[in-house]
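Q: Below is a structure I'd like to ask you about.
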Amino acid sequence: MRVIEGGEEILDIELEESLLARNRELAEKNRKLLDEKGVTAIDVMGSIGSGKTTLISQLVRKLKGRRSIAVIAGDLTTTIDADRIGREGVQVVQVNTGKECHLDAHLVGKALEEMDLDAIDLLFIENVGNLICPGEFPLGAHKRLVVVSVTEGPYMVVKHPYIFLDASVAVINKIDLAEAMGVDPAKLEKDVLKINPSARVVRTNALTGEGVDEVIQALEI
Ligand SMILES: Nc1nc2c(ncn2[C@@H]2O[C@H](COP(=O)(O)OP(=O)(O)O)[C@@H](O)[C@H]2O)c(=O)[nH]1
Ligand SMILES: [Mg+2]
């Protein structure tokens with residue numbers, strides 16, 4: 001079959017490169033601030049509906065007793081996720097990106113200014129639901145967690161390799177629905193490890209909390 005490869009062709013290469021370089025600078029600035037304040041930050045990425053907010057709520061619930069946690073919730077327009085996580089009793093800042101399909105280091109920097117960083121030691125950043133755009137925009141977080149769910153079908157991982165390259169941990173969520181979906185979580189796990197052999201892969205049911213302790217161990221938080 002004839003395939004047209006568009007990956008290397010960017011219409012305005014200079015503009016794209018300077019944008020990414022500026023983002024990297026700001027990400028380094030965010031990292032420096034987080035390190036100064038002794039805050040570990042986790043960038044949580046994944047498709048719309050993969051279970052990012054549900055997983056973050058579970059992580060907060062399990063860690064609340066021993067860690068001081070805050071959450072940045074990224075979304076295009078609403079505050080639905082921030083409201084959901086806020087019910088867990090932690091500091092939440094909503095960042096609305098408008099039309100952008102990812103958070104960037106500049107927006108996260110602005111959110112950090114709004115937070116009492118002296119009062120926390122762990123920060124979860126829920127990125128905008130997307131498996132492509134957030135990959136190229138580091139935020140200054142120490143670790144990246146990618147959430148995929150079995151309801152996204154059997155080819156989700158192989159079709160979106162780049163997002164897994166920098167991931168410390170990949171979560172395969174909604175394992176309770178694997179059989180109904182006809183998707184084998186072991187195959188998804190194999191696909192992740194083929195792309196990134198150093199990633200830790202954990203299977204979860206974020207609704208019940210199954211596997212969430214393993215996610216905490218894998219993130220070393
Ligand atoms: N059955 C099942 N549903 C889940 C699981 N995790 C999340 N959900 C549901 O999937 C939907 C999307 O979850 P949400 O956390 O909002 O996804 P997000 O868009 O990635 O933040 C919600 O209705 C959740 O209740 C799971 O492990 N199993
Ligand atoms: Mg969400």
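The values are calculated or read from the model by the stated rules, or taken from the named source; none is laboratory data. Treat the numbers as computed from the prediction; the structure is a model and nothing was measured. Cβ: placed from backbone, ideal geometry, glycine included. Neighbour counts: every protein chain shown. These accessible areas exclude ligands, DNA and RNA; they are computed on the full protein's heavy atoms, side chains included. Shrake-Rupley method; radii C 1.70, N 1.55, O 1.52, S 1.80 Å.
Q: Determine the shape class of the stretch 36-219: with a ≥ b ≥ c the square roots of the Cα gyration tensor eigenvalues, call it rounded for a/c under 1.5, and otherwise prolate if a/b is greater than b/c, oblate otherwise. Intermediate results must be reported in sequence, preceding the final value.
A: Working: a/c = 1.64, a/b = 1.43, b/c = 1.15.
Prolate.
Q: Per residue, how much accessible area does the chain show when a 1.4 Å probe rolls over the protein heavy atoms, in square angstrom? Intermediate values should be presented prior to the final figure.
A: On the way: 11600 Å² over 221 residues.
Value for the chain: 52 Å² per residue.
Q: Given a cut-off of under 8 Å on Cα pairs at least six residues apart, what relative contact order in percent is computed for the chain?
A: Value for the chain: 23 percent.
Q: Same structure, new question: From the protein chains alone at 1.4 Å, what is the descending order of accessible area for Arg2, Arg84, Arg22, Arg67, largest first?
A: These residues rank, largest area first, as Arg2, Arg22, Arg84, Arg67.
Q: Run the helix sum for the chain: -39,500 (n - 2.57) per DSSP H stretch of 4+ residues, divided by residue count, reported at 222 nm to the nearest 500 deg cm²/dmol.
A: -11000 deg cm²/dmol
Q: Whenever you get a sec, compute what percent of the accessible area on the stretch 36-219 sits on carbon and sulfur atoms (1.4 Å probe).
A: Taking all protein chains in place, the stretch 36-219 shows 50 percent carbon and sulfur surface.
Q: Return the loop-located GluC sites (Glu not before Pro) in the stretch 152-221 (DSSP other than H, G, I, E, B) with at most 13 other Cβ atoms within 10 Å of their own Cβ; answer none if there are none.
A: Those satisfying the criteria are Glu220.
Q: Also, I was wondering about something else. Checking the cross-link filter: which lysines have an alpha carbon closer than 27 Å to that of Lys159, excluding same-chain neighbours under 8 positions apart?
A: Once the sequence-local lysines are set aside, what remains near Lys159 is Lys52, Lys99, Lys143, Lys174, Lys187, Lys190, Lys194.
Q: Given Cβ point charges of +1 (Lys, Arg) and -1 (Asp, Glu) and nothing else, what value in debye, to the nearest 20, does the dipole of the chain about its Cα centre take?
A: 700
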